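**Q** Just passing along the structure, written as structure tokens.
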Amino acid sequence: MNHTNKNELAVRNRFLFQLFLVSCFLFLVSCAQQEPSRTEIALGNTLCTITLFKHGNENIYNEIFNKIREIENLMSVNIPSSDISRINAAAGIESVQVHAEVFKVIERAVYFANVSDGAFDPTVGPLVALWGINTGSENIPSQHKIDEVLPLVNWRNIELDESNTSVFLTQRGMSLDLGAIAKGYAADSAAKIIRDANITRALIDLGGNIIVIGERSANVPWRVGIQKPGHKRGESIVTLQLTDKTIVTSGVYERYFKENGKHYHHLFEPFSGYPADNGLLSVTIVMDVSMDADALSTAVFVLGYERGLVLLESFPEVEAIFIFENMEIRSTNRLN
Ligand code: ADP
Ligand code: MG
């Protein structure tokens, strides 16, 4: 090969290399196409919205929603192959080895059952099934039926073996329901993915289980409204200003049915077997960990205002906002 040919070859190679770089760049740009926000239905018909603003792209949303679906597939009572369904099917028969994440959430649920004296109880499964709220076949069960299932609702009959992450429900007919805590765990998992990607400004909303990451803009906090119970969705009764917090509400106004002029909602008092009826319409918890906020919002709601405040004394970093049936608002006033 003579000198000229060598030069020509070098020029051509350089050109091909530049072409390669340009196509790589175009490929990356198309991969990283901006997607400010994504909404999907997951976690048992929950509207889940993640907003990453200019950091949003297909890949990270896919990662987050895949994680949320993975959690649903592990923890839903409505998915027969989930770890929770497997535990329930083996109630009174044998222990079931579960995914480490499932074990962790059950352990935390048991912790909140313990500190709330059973007001929060992850073994409410039989009551949830009996009342059938939001299933289309809701009904007021007979006292006889309630009395029949009440002995099955007892978190003390959950046996946990940490050495092999296995779970045993000691009585036949018992069933776990993580409906009051799993969404919070899913929100924390989404937040972890976002923070690990060094994204410092984001919003996570899993059906009202909210996490705000960072600030809305420099030195400006996020503004998060608390739903005015019984009014149009999105109409707020209070607006909170928050940075890097989770806000979780348990309320009676979304999942309920009406019979003889009375509301029957989905937050059960595990000792009576009836929906908690204590003058509250909602309890909102503001803190750092969404799983804990989810469990606490349900626990405090079921305990009611006075006993709820006593429980909250053990959680000094937590703010709670109570909305009463007469629309009165009270809060622990620890924020600001
Ligand atoms: P939502 O899921 O509507 O946001 P919660 O987080 O308060 O509200 O969870 C309510 C769900 O928790 C119910 O649908 C039921 O599955 C379950 N649950 C109901 N009562 C209790 C209770 N006392 N302890 C634990 N879980 C409960
Ligand atoms: Mg909850």
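**Q** Determine the shape class of the range 151-300: with a ≥ b ≥ c the square roots of the Cα gyration tensor eigenvalues, call it rounded for a/c under 1.5, and otherwise prolate if a/b is greater than b/c, oblate otherwise.
**A** On the way: a/c = 3.02, a/b = 1.25, b/c = 2.42.
Cα axes put the range 151-300 in the oblate bin.
**Q** Another question, if that's okay. Based on the alpha-carbon set only, what is the convex hull volume of the range 128-174 divided per residue, in Å³?
**A** Enclosed volume per residue, from the Cα hull, is 90 Å³.
**Q** Would you kindly state how much longer the chain becomes between Lys262 and Thr200 on full extension, computed as 0.36 nm times their sequence separation minus their alpha carbon distance, in nm to one decimal? Kindly include the intermediate steps, with their values, before the conclusion.
**A** On the way: separation 62, 0.36 × 62 = 22.32 nm, distance 4.53 nm.
Going from the current span to full extension adds 17.8 nm.
**Q** Something else now. So which GluC sites (Glu not before Pro) in the range 254-336 are both in a DSSP loop and have at most 15 other Cβ atoms within 10 Å of their Cβ? It would help to have the intermediate numbers written out before the result.
**A** Details: sites: Glu254, Glu259, Glu306, Glu313, Glu317, Glu319, Glu325, Glu328; in loops: Glu254, Glu313, Glu317, Glu325, Glu328.
Within the range 254-336, the qualifying GluC sites (Glu not before Pro) (loop, at most 15 other Cβ atoms within 10 Å) are Glu313, Glu317, Glu325, Glu328.
**Q** Taking R0 as 25 Å, what's the FRET efficiency between Ile79 and Gln171 from their Cβ-Cβ distance, rounded to 0.05?
**A** Values: r = 23 Å, r/R0 = 0.91.
According to the calculation, E is roughly 0.65.
**Q** Now for a different question. Could you pull out every residue, at least 5 positions away or on a different chain, whose amide H is within less than 5 Å of the one on Arg334? Hs are placed 1.01 Å off N in the peptide plane, and Pro or chain starts have none.
**A** Those qualifying (amide H under 5 Å, at least 5 residues apart or on another chain) are Ala320.
**Q** Provide the FRET efficiency to the nearest 0.05 for the Ser272-Ile93 pair, computing r from the beta carbons and using R0 = 25 Å.
**A** After rounding to 0.05, the efficiency reads 0.30.
**Q** What FRET efficiency would be calculated for the residue pair Glu325, Leu47, taking the C-beta separation as r and a Förster radius of 30 Å, to the nearest 0.05?
**A** After rounding, the FRET efficiency stands at 0.70.
**Q** Hey, can you grab everything whose amide H is under 5 Å from the amide H of Gly179? Only 5+ residues off in sequence or another chain; H modelled, so Pro and N-termini drop out.
**A** Answer set, sorted by chain and number: none.
**Q** Same structure, new question: Karplus couplings for the range 267-272 from phi (6.51 cos²θ - 1.76 cosθ + 1.60, θ = phi - 60°), rounded to Hz, Gly and Pro as x?
**A** 9, 8, 8, x, 8, 8
**Q** Let's see if you can work this out: charge +1 on each Lys and Arg Cβ, -1 on each Asp and Glu Cβ, no other charges. What is the dipole magnitude of the range 173-228 about its Cα centre, in debye to the nearest 20?
**A** 220 debye
**Q** Please report the net charge: other residues with Cβ closer than 11 Å to the Cβ of Asn62, K and R +1, D and E -1.
**A** -1
**Q** For the chain, what is the mean residue ellipticity at 222 nm derived from helices alone (per DSSP H run of n ≥ 4: -39500 (n - 2.57); sum divided by total residues; nearest 500 deg cm²/dmol)?
**A** -11500 deg cm²/dmol
**Q** Another question, if that's okay. Got a sec to turn the phi values of the range 112-122 into Karplus ³J(HN,Hα) couplings, 6.51 cos²θ - 1.76 cosθ + 1.60 with θ = phi - 60°, whole Hz, x for Gly and Pro?
**A** These are the phi-based 3J(HN,Hα) values: 5, 4, 5, 6, 9, 6, x, 5, 8, 9, x Hz.
**Q** From the mean inverse distance of alpha carbon pairs (Kirkwood) and the Cα radius of gyration, derive Rg over Rh for the range 37-109.
**A** 1.09
**Q** Starting at the first residue of the range 316-324, write each ³J(HN,Hα) from the Karplus equation 6.51 cos²θ - 1.76 cosθ + 1.60 with θ = phi - 60°, in whole Hz, x for Gly and Pro.
**A** Result, rounded to whole Hz: x, 8, 9, 10, 10, 10, 9, 10, 9.
**Q** What are the semi-axes of the equivalent ellipsoid for the chain, taken as the square roots of 5 times the Cα gyration tensor eigenvalues, largest first, in whole Å? Could you put the intermediate results ahead of the total?
**A** Values: eigenvalues 412, 133, 59 Å².
Those come to 45, 26, 17 Å.
**Q** What's the local net charge at Lys262, with K and R +1, D and E -1, over the other residues with C-beta under 14 Å away?
**A** Combined, the nearby Lys, Arg, Asp and Glu give -3.
Any read-out appearing in this document is the output of simple, stated calculations on the displayed coordinates, not a laboratory observation. Owing to the predicted nature of the structure, the values given are computational and were not obtained by experimental measurement. As a convention, Cβ positions derive from the backbone with ideal geometry for all residues, glycine included, and neighbour counts pool all protein chains shown.
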